[in-house]
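Structure first, commentary second.
The values are calculated or read from the model by the stated rules, or taken from the named source; none is laboratory data. Everything quoted here is computed from the prediction, not taken from an experiment. Counting neighbours? That spans all protein chains shown, and the Cβs are built from the backbone with ideal geometry, glycine included. Keep in mind that these areas ignore ligands, DNA and RNA; they rest on the heavy atoms of the full protein, side chains included. Shrake-Rupley method; radii C 1.70, N 1.55, O 1.52, S 1.80 Å.
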Amino acid sequence: MSEQVIFTFDVDGDDFTSAGQASSQVKRNLRQLGIAPDIIKRVSIAMYEGEINMVIHAGGGTANVAVTEEYIEIVLSDQGPGIKDITQAMQEGFSTAPDDVRSLGFGAGMGLPNMKRYTDYMDIQSQVDVGTTITMRVNLPS
Amino acid sequence: MKVTVNTLLSMDGFSPVAIADGEAQIEGVYIGDLLSWVMGRANAGDAWITIMSNINILAVATLSDVACIILAEGVQLEEEVKTAAQQKGINVISSDMSAYHIAAALSKAL
């Protein structure tokens with residue numbers, strides 16, 4: 001049986017400026033576990049993009065990070081408005097973020113594509129008016 | 001030649017905003033203001049030149065392991081962001097020069 005290390009975070013939806021706390025903490029935790037820097041970078045970027053999305057669109061949510069022998073799994077869950085058209089949302093440049101978010105350097109429609117780019121596996125389950133759960137995995141070298 | 005954050009601060013036109021580790025080595029340069037883009041493409045050890053000044057630049061700097069943030073065109077940090085940079089141990093430098101001129105100065109030094 002493989003041993004799992006799990007980290008759980010609440011992502012505060014009211015405070016756009018605090019986004020990044022969970023991913024920064026995960027980065028520190030993974031460093032302590034001796035995970036390779038390039039893997040840590042991919043995990044923390046994918047997670048930060050997810051955090052930002054939850055703050056911009058969903059009023060916050062939860063983030064769970066599990067470290068197994070084979071991969072690092074990030075599960076982001078929110079009870080936000082859901083994603084109407086996932087295929088469209090996955091297109092680089094497509095964004096429904098408001099202008100004030102764009103002026104902060106986000107909202108360019110790169111969040112979801114970046115999450116896919118930096119992970120080996122990504123699954124989006126979303127229902128309009130119910131919420132969204134995104135599962136991402138970054139494989140660990142065997 | 002080894003270029004550190006302190007080396008940069010000794011050059012004309014650069015002033016400290018928050019310095020946690022002046023001996024951090026600068027190995028390259030990245031210029032960009034779109035945070036998602038910067039996060040994915042800046043390399044560890046880069047000096048990141050930007051005109052963005054909101055608190056999210058600190059998370060991006062942490063995640064991408066840049067050596068320092070250089071605020072171009074005289075952009076200032078709000079006191080709250082400056083304090084957070086100090087707490088998080090992130091080097092922030094400011095300059096009145098444009099991103100181009102900062103990069104050109106770094107290109108000569110590196």
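Relative contact order for chain B using alpha-carbon pairs under 8 Å, separation at least 6, rounded to a whole percent? Kindly include the intermediate steps, with their values, before the conclusion.
Numbers: 226 pairs, mean separation 35.1, N = 110.
Normalised by residue count, the contact order of chain B is 32 percent.
Proximity of backbone amide H atoms, modeled 1.01 Å from N, is registered between B:I26 and B:V3, B:T4, B:V5 at under 5 Å, excluding neighbours fewer than 5 places apart on the same chain. To the nearest ten degrees, helix A:37-57 and the longest principal axis of the Cα atoms of chain A are 30 degrees apart. Averaged per residue, the range A:56-117 has 48 square angstrom of accessible surface, using a 1.4 angstrom probe with ligands and nucleic acids left out.
Share of carbon and sulfur in the accessible area of the protein assembly as shown stands at 47%, probe radius 1.4 Å. List the residues of the range B:34-58 that lose 20 Å² or more of accessible area once all protein chains are present, compared with their chain alone (1.4 Å probe, heavy atoms only, no ligands or nucleic acids). Listed by number, the residues meeting the 20 Å² cut-off are B:L34, B:L35, B:S36, B:W37, B:M39, B:G40, B:R41, B:M52, B:N54, B:I55, B:N56.
Computed 3J(HN,Hα) for the range B:8-17, one whole-Hz value per residue from the Karplus formula 6.51 cos²θ - 1.76 cosθ + 1.60 where θ = phi - 60°, is 4, 5, 7, 7, 5, x, 10, 10, x, 10, glycine and proline marked x.
Kindly report the accessible area of the range B:4-110 per residue (heavy atoms of protein chains, probe 1.4 Å, no ligands, DNA or RNA), in Å².
Accessible area per residue: 42 Å².
Compared with the dominant principal axis of the Cα atoms in chain A, helix A:21-32 is inclined by about 10°.
Ellipticity at 222 nm from helices only: DSSP H runs of n ≥ 4 in chain A, each -39500 (n - 2.57), divided by the residue count, give -10000 deg cm²/dmol. Hey, can you list the residues from the range A:94-109 whose accessible area shrinks by 40 Å² or more with all protein chains present, relative to the chain by itself (probe 1.4 Å, no ligands or nucleic acids)? So the qualifying set is A:L104, A:G105, A:F106. The 3J(HN,Hα) values that the Karplus relation (6.51, -1.76, 1.60; θ = phi - 60°) gives for the range B:47-60 are, in residue order, 8, 9, 9, 8, 10, 6, 9, 6, 4, 5, 5, 5, 5, 5 Hz. Gly and Pro appear as x.
Once the Cα gyration tensor of chain B is diagonalised, what are the square roots of 5 times its eigenvalues, in whole Å and ordered largest first, as equivalent ellipsoid semi-axes? Intermediate values should be presented prior to the final figure.
Numbers: eigenvalues 64, 44, 39 Å².
Over the Cα atoms of chain B, the ellipsoid semi-axes are 18, 15, 14 Å.
Taking amide hydrogens as placed 1.01 Å from N in the peptide plane, the amide H of B:G32 sits under 5 Å from those of B:I49, each at least 5 positions away in sequence or on another chain. Buried between B and A is an accessible area of approximately 1700 Å², summed over both sides with a 1.4 Å probe. Positive end of the dipole of the range B:5-109 (Cβ unit charges, origin at the Cα centre): among B:V29, B:I49, B:V75, the Cα lying farthest that way belongs to B:V29. Annotation: amide H of A:G131 within the under-5 Å range of A:G82, sequence separation 5 or more or interchain, hydrogens built in the peptide plane.
For the range A:115-128, 3J(HN,Hα) computed residue by residue from phi via the Karplus equation (6.51, -1.76, 1.60; θ = phi - 60°) reads 4, 5, 4, 8, 10, 8, 8, 8, 10, 10, 10, 9, 9, 4 Hz, glycine and proline entered as x. For q = 0.19 Å⁻¹, what log10 I(q)/I(0) does chain A give under the Debye formula with an equal point scatterer on each alpha carbon and no solvent? Those come out to -1.11, one per q. Basic side chains Lys and Arg get +1 at the Cβ, acidic Asp and Glu get -1 at the Cβ, and with that the dipole of the range A:1-80 about its Cα centre reaches some 340 debye. Simple point charges give the picture: +1 on the Cβ of Lys and Arg, -1 on the Cβ of Asp and Glu, and for the range A:5-139 a dipole about the Cα centre of about 440 debye. Which of the pairs B:K82/B:K108; A:K27/B:K88; B:K2/B:K108 have their Cα atoms more than 19 Å apart in this structure? Flagged as over cut-off: B:K82/B:K108. Binning all Cα-Cα separations of the protein assembly as shown at 10 Å, short to long from zero, yields these whole-percent fractions: 7, 31, 33, 21, 7, 1. Our summary gives the range A:91-142 a relative contact order of 26 percent, counting only alpha carbon pairs under 8 angstrom and 6 or more residues apart.
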